[in-house]
Amino acid sequence: MSMNEQTFIREFSQKLYDGFGSVFVGSGVSKQSGLPDWYELIQPMVKSKLNIDITRNDDLILFAQYLMNYSGGNRGPLIDNIRQKLRRRYETNPYHQALTWMNNTSLWTTNYDTLLEQAFNELYMVEVKTNDDVIARASRTSSVEIVKMHGCIERSNQDEIVITQEDYEDFFVKRPAISQRLRMDLLHKSFLFVGYSYGDPDTHNILVEARRLSKNAPREHFMIQKLEQDSDKKTRQQFWVNNLRRIGIECLLVNDFPDITRILFEIARRSRGPSIYITGSHLNENNSDFQTRVGHLLAEKTNSIVLDGQSTGASRHVISSFMERILLLHGDAYARIKTFPNPYAAHENLSNNRDLLPVLRQWRADPLKAAQVVLAFDGGMGTELEVETAISLGCFIIPVTIDTVGSSSDFLTKNKKIRDKLQETCPEYLTKAESLQLEPEDVIECIQKVIHQ
């Protein structure tokens, strides 16, 4: 029996939230940006050099081997041809955006192109690993790791690109470190395979390992695909999906590509769990009683996880009162609070230093990627930057408007995305926020609606 959509989303989102999930990205993701797929990469060369008309059902890896054999064992012409096609300027697409929003620090891909790095580099410190020399190194600075198991068109030399039948056959021998890392991740993480179609040659080595490992310590994996429309292809696809289930991969079939996009964004939202980030000025102390009450209610009325960015002011009032009430209720403060570094916290004189804003944006990407909700009290340039970053990462912004003048009121009046989301999910809250009639209980009610929607 196939897993339904809601169960699929819930189960994989929970894996990500618990830190035991990852994503395997296939060529279908890049295809949405206009890049050629496997067939389109080699079909013109096969026709011009071998005078053979191939189809998508042919063994494309074998024909890549034929092309290399035709060149006397020289990989150069094949690799150079692919480089020319992939080095053109392509833009990232909604699939990439959804992946950057997921609460995930490690991705694998069989793609040669650089669109994944392009998408993540906009906000995160990224480390790309393409060969055995770098796979074992632990980075102290990157917040996202991308493992390109078949090489990279920009970073890899010709011998490191996995493309021919010989390359696939020798993969586990010639790339022992990447192979071992693949085994360990397949054993200890649940993967979502996205951008792969039935019979995709890029899945060969992955499925070989998944099948072998499933006999010893099965870990459930997930795949999402567009349902084939042609009758024969649909039958073939269903047999392939049944075979995937045998080795622990649950495949969700959807009607069209927009369905995949929608599901990826929903997984990204739910992967953050009931997490809240609080931002607001360290200079405005006028509303500390309101903020203290919000902290108490968060502890009493919700199961929220508060993400502490080590800021003073509004967030400190909320978090301190939250922790106080958790302890009085004999709760587990360590499980309810997660702390992240803040460059402004090093010294109070740094709090208004504009030169640190780029650093703050980069450092805030990690907690905001983990936050489903951002409570925004009135603040200055730091608060505005955090809200801007949160919006770019898909967080739900709840401005806490208490005064007529302040950034929280500006967020409501000047940002249509924030207003539209509130109107859809918390219309009563929006009405009260606009009329400056908010009570702490209203904030908690809105948070609960967002988290449980």
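Here are a few things to note about the model shown:
- Extending 7 Å from Cα along the Cβ direction at S320 and again at L187 yields two label points whose distance is 4.8 nm.
- Ranking of H317, H452, H296, H188 by count of other Cβ atoms within 10 Å, fewest first: H452, H188, H296, H317
- For the chain, fraction of C-alpha pairs farther apart than 42 Å, in %: 24 percent
- Efficiency of FRET between F239 and D53 - r from beta-carbon atoms, R0 35 angstrom, step 0.05: 0.85
- Chain lengthening between A177 and E441 when straightened (0.36 nm per residue, less Cα-Cα): 89.7 nm
- Cross-link reach is defined here as a Cα-Cα straight distance under 19 Å, omitting same-chain residues fewer than 8 places apart; for K47 the lysines meeting it are K85.
- Subset of K369/K449; K129/K421; K369/K416; K148/K189 violating a 26 Å alpha-carbon distance limit: K129/K421
- Cα pair distances in the range 275-451, grouped into 5 Å bins until the bin that holds the longest one, percent each: 1, 9, 19, 23, 22, 16, 8, 2, 0
- Rounded to the nearest 0.05, the FRET efficiency derived from the C-beta distance between E40 and V134 at R0 = 35 Å is 0.70.
- Whole-angstrom gap from the range 180-258 to the range 1-45, using each part's C-alpha centre: 10 Å
- Loop-resident sites, the range 2-98, for GluC sites (Glu not before Pro), counting at most 12 other Cβ within 10 Å (DSSP): E91
- Sorted by Cβ neighbour density within 10 Å, fewest at the top, the residues L357, L115: L357, L115
- Fewest-first sequence of K189, K174, K129 by Cβ atoms within 10 Å of each Cβ: K174, K189, K129
- Amide H contacts under 5 Å for V23, placed H, 5+ residues apart: W108, L192
- Centre separation in Å (Cα based) which lies between the range 133-173 and the range 47-122: 13 Å
- Label separation (A335 vs N74): 6.5 nm, computed from points 7 Å beyond Cα along the C-beta direction.
- Mean separation of Cα contacts under 8 Å (6+ apart) over length of the range 275-451, as relative contact order %: 24 percent
- Averaging the sequence gap over all C-alpha pairs within less than 8 Å and six or more residues apart, then dividing by the number of residues, gives the chain a relative contact order of 14 percent.
Computed from the coordinates by the stated procedures, all read-outs in this text should not be read as laboratory data. Treat the numbers as computed from the prediction; the structure is a model and nothing was measured. Please note: Cβ atoms are built from the backbone with ideal geometry, for glycine as well, and neighbour counts cover all protein chains shown.
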